[in-house]
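Everything below concerns the one structure shown next.
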Amino acid sequence: MIDEKELSKYILNEYKNGNIKKDIALELVKKVNYKDSKETDVAVIGMGCRFRKEDDYNLYWNGLENKKTWIDRCKLDRVYSFEKVLPEHCLDDIATHSKGSFIDNLFDFDYELFGLTKEEAKGMAPGQRIMLETAYRALEDAGYLGERLVQNKTGVYIGNNFLSELIVSHPALIMHNGIGGNEELYFNWSSGLATRISRQFNLRGPSYVLDLSCASSSMAILNGYQSLLDKKCDMVLIGGINVSYKPCIRVPGTDLIHEHENDIIQKPYDDNPGGSYLGEGAGALLLKPLRKALEDGDNIHAILKGGSIMNTGSEVGFLSSSAVSIKNMITDLFKKLDVNVESIGYIEGEGYAQRIEEIIQTSGINEAFKSLTNKKQFCAIGSMSPNVGYTQAAIGVLGAIKGILSMKNNIIPPIYHFMKPNTMFNFANSAFYINDIKKQWDRLENEKHSFAAYSFAYGGNNAFTVYEEAPVRDTKQFPQKEYLFVLTAKSQVAFKSNLNKFIEFLSGEVKSSLLDICYTAAVGRELYSEIRLAIVTSNIDELKNKLIEFAKNGTVTNSVYYGETNKKIENSKKSTVHIIDDQDRLASIASQFVQGEKYKFGNLYSESNARICPLPNYQFDRKRCCIFDDFTKNEKLMS
């Protein structure tokens, strides 16, 4: 394999020795180091996230652009759930327990959807269940839950911060209180955050968990990017999660909770930043080489152009960042990227609201930009932390989702709570400005939207990733004919919720064709056998009206088919998969499908150039699964 660096050195030495002319040497070095962006660009084709109440990135975006915060006191029922199993020395005054963005209904889980019994689900740590659901969301969004996910080599890289688990962990609580056995211990092994996902969805690539403190999910993104370039994987599911089993984290010997006073206002980049509230959440992205994503008709959210991570070494203290190191890392990165720095319209900062540390990081990024352009205040800098708290290991992936949604909506969302810029940094003479109102994101002439995300980790790791807006999708004309729409669910609760979501979706501004909607629902989604609805339809309005009529009256006609399959009966049926390619048999296919026949629908669309398109999320039918509910506190065990 050719070493580009060594060959470049050789060419430059030949120039110094007078054997090659300067212009020829420079041209040769450029050619040696040239990389076609088509081969190095990676598409983001699926996204999923989970916050306090939401598990839909559209709701996340709605909160960001409208200055909503999910920060509040942790719900008391969650505090009480842990109180009876925590050792006495870990308990806090419930009246002053910490504010933060804590996941509501932490113990609720749609265990049947994932093929688990309630007892098995109760033994799983809530964090593993949440990461599993978030991975489902990203695969669902990309259209890789159904028959498209075959013979894959998909990697799974999940970022997690294990410090909180060193304080209190799910397995430790189970063992300390004598609730479970070895199974609960081994099934909650830390690597299970990734390997459970691989097993659940039959993903055959590398599967592992990373802990780089608050740069964990950024590192997962960079590892995923490199794995695709090295052709070690066909796709990579990356993620990050932050869940605290003890939401009342008080700094010993002080009145501080999570390193701030009991009641503050979190204001990144402000002259009075306040402090950082803990943020729980999870995020996931599905990555795929851009060229392949375009060939396969995937719905592309954005392009990952590349990124870098480096350590400050012994330059500064263990908990500090270095402006010089940050500058060098970013400057070196932009020399390799096919991105104009002036097209970077937004930077998602780390969001740790500490006055001095924030300025060190901002100064380092600014010095890098200054070395590349003289332009001032062309790039907004902000953070999601006032909205969702400081999400630690999930910062990289959740910041990426925020930036991607900003590009898709052509809007730079406002930073919440901002009052006055940090006077330790001269924003007016920098590349950056603070955006405190919702702002239209205008493109430079002949340039695409780009944004970058920065994260810092204790121990000196700095990570920086750069994204570009997705290519514009061609508008195609499709023949006016009948298509088959299918909707399935594991339970009546989920089915009714899904039915209402599709009615809401079709009643709004639908940007996708009927062909793409039917293709995505049949080929890109998991088809459950318990409850099935199939509709033969020729246009979107007709489909919407048939769904509304069925929701109101349960009306079944010669074009609307509905069936419920008993699991025992379904399991006794032959497992033969019917490959269908007959457009003229849609009514017959629909009738047999709702009775439990197992169809693969891909061949039905083989000549149509159908593409994956956005559809409503599957609505989980979550039920409480808390292993501590039936536990009675034993004072001897707790002492």
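Residues LYS420, LYS16, sorted by accessible area with the largest first, give LYS16, LYS420 [1.4 Å probe; ligands and nucleic acids excluded].
Cross-link partners of LYS118 among lysines, defined as those whose alpha carbon lies under 18 angstrom from its own and excluding same-chain residues fewer than eight positions apart: LYS490, LYS567, LYS623. Give the residues of segment 522-546 whose amide nitrogen is closer than 16 Å to a point set 7 Å from the Cα of LYS496 in the direction of its Cβ. In segment 522-546, the label zone of LYS496 (backbone N under 16 Å from the point 7 Å along Cα→Cβ) covers 531-532. When the listed pairs LYS99/LYS267; LYS481/LYS544; LYS327/LYS402; LYS546/LYS600; LYS408/LYS476; LYS67/LYS305 are checked against a 18 Å cut-off, the alpha-carbon distance exceeds it for LYS327/LYS402; LYS546/LYS600; LYS408/LYS476; LYS67/LYS305. Put a plus charge on the Cβ of each Lys and Arg, a minus charge on the Cβ of each Asp and Glu, and nothing anywhere else: the dipole of segment 365-452 about its Cα centre is then about 80 debye. Entry comment: accessible area of the chain is 44 Å² per residue, from protein heavy atoms only and a probe of 1.4 Å. Here the Karplus relation 6.51 cos²θ - 1.76 cosθ + 1.60, evaluated at θ = phi - 60°, turns the backbone of segment 418-428 into coupling constants of 5, 10, 9, x, 4, 6, 7, 10, 8, 5, 5 Hz, with x for every Gly and Pro. Rolling a 1.4 Å probe over the protein heavy atoms leaves LYS118 with an accessible area of roughly 90 Å². 3J(HN,Hα) couplings calculated from phi for segment 593-600 with the Karplus curve 6.51 cos²θ - 1.76 cosθ + 1.60 (θ = phi - 60°) are, in sequence order, 4, 6, 8, x, 5, 9, 10, 9 Hz; Gly and Pro show x.
Counting DSSP beta bridges with both partners in the chain, what percentage is antiparallel, nearest 5? Percent antiparallel among DSSP bridges in the chain is about 65. Of the Cα atoms belonging to segment 403-521, the radius of gyration and Dmax stand at 21.7, 64 Å. For GLU564, the accessible surface of its heavy atoms amounts to roughly 120 Å² (probe 1.4 Å, protein chains only, rounded to the nearest 10).
Put simply, the convex hull of the Cα atoms in segment 450-509 casts, on average, a shadow of 9.2 nm².
Restrict the search to segment 462-526; then list the GluC sites (Glu not before Pro) that DSSP places in a loop and that have at most 12 other Cβ atoms within 10 Å of their Cβ. Sites meeting the loop and neighbour criteria: GLU509. What the Cα convex hull of segment 390-473 gives, in volume per residue, is 141 Å³. Temperature 25 °C, viscosity 0.890 mPa s: under these conditions the Stokes-Einstein estimate for segment 311-437, based on its Kirkwood radius over C-alpha pairs, is 160 µm² per second. Since only ALA194, ILE326, LEU237 are under comparison, the one whose Cα sits farthest along the positive direction of the charge dipole of the chain, derived from C-beta charges on Lys, Arg, Asp and Glu, is LEU237. Taking amide H as placed 1.01 Å from N in the peptide plane, the amide H of GLN619 sits under 5 Å from that of ASN498, each at least 5 places away or on another chain. For segment 127-144, the Karplus equation 6.51 cos²θ - 1.76 cosθ + 1.60, evaluated at θ = phi - 60°, returns couplings of x, 5, 5, 5, 5, 5, 5, 5, 5, 4, 4, 5, 5, 4, 4, 7, x, 10 Hz by residue, with Gly and Pro reported as x.
For ILE411, nonlocal amide neighbours, meaning residues 5 or more places apart or on other chains whose placed amide H falls under 5 Å from its own, are TRP441. Accessible area per residue was computed with a 1.4 Å probe on protein heavy atoms; ASP338 scores about 110 Å². Largest accessible area first, the residues THR423, THR195 order themselves as THR423, THR195 under a 1.4 Å probe with ligands, DNA and RNA left out. Bridgeable aspartates and glutamates around LYS420 (alpha carbons under 16 Å apart, same-chain partners fewer than 8 residues away excluded): ASP270, ASP271, GLU358, ASP436. Across the chain, C-alpha contacts under 8 Å between residues 6 or more apart give a mean separation that, scaled by the residue count, equals a relative contact order of 18 percent. For the chain, the C-alpha radius of gyration sits at 1.02 times the compact-globule guess of 2.2 N^0.38 Å, with N the residue count. Ranked by solvent-accessible area (1.4 Å probe, protein heavy atoms only, all chains present), the residues SER314, SER207 order from largest to smallest as SER314, SER207. Summarising the amide proton neighbourhood of ILE531: residues at separation of 5 or more, or on other chains, whose placed amide H is nearer than 5 Å comprise ALA489, THR565.
As a fraction of the 1.4 Å probe accessible area of the chain, surface on carbon and sulfur atoms comes out at 48 percent.
The values are calculated or read from the model by the stated rules, or taken from the named source; none is laboratory data. Computed from a prediction, not measured in an experiment: that's the story for all the values here. Cβ sites come from the backbone with ideal geometry, for glycine too, and all protein chains shown count toward neighbours. What goes into the accessible areas is simple: the full protein's heavy atoms, side chains included, and nothing from ligands, DNA or RNA. Shrake-Rupley method; radii C 1.70, N 1.55, O 1.52, S 1.80 Å.
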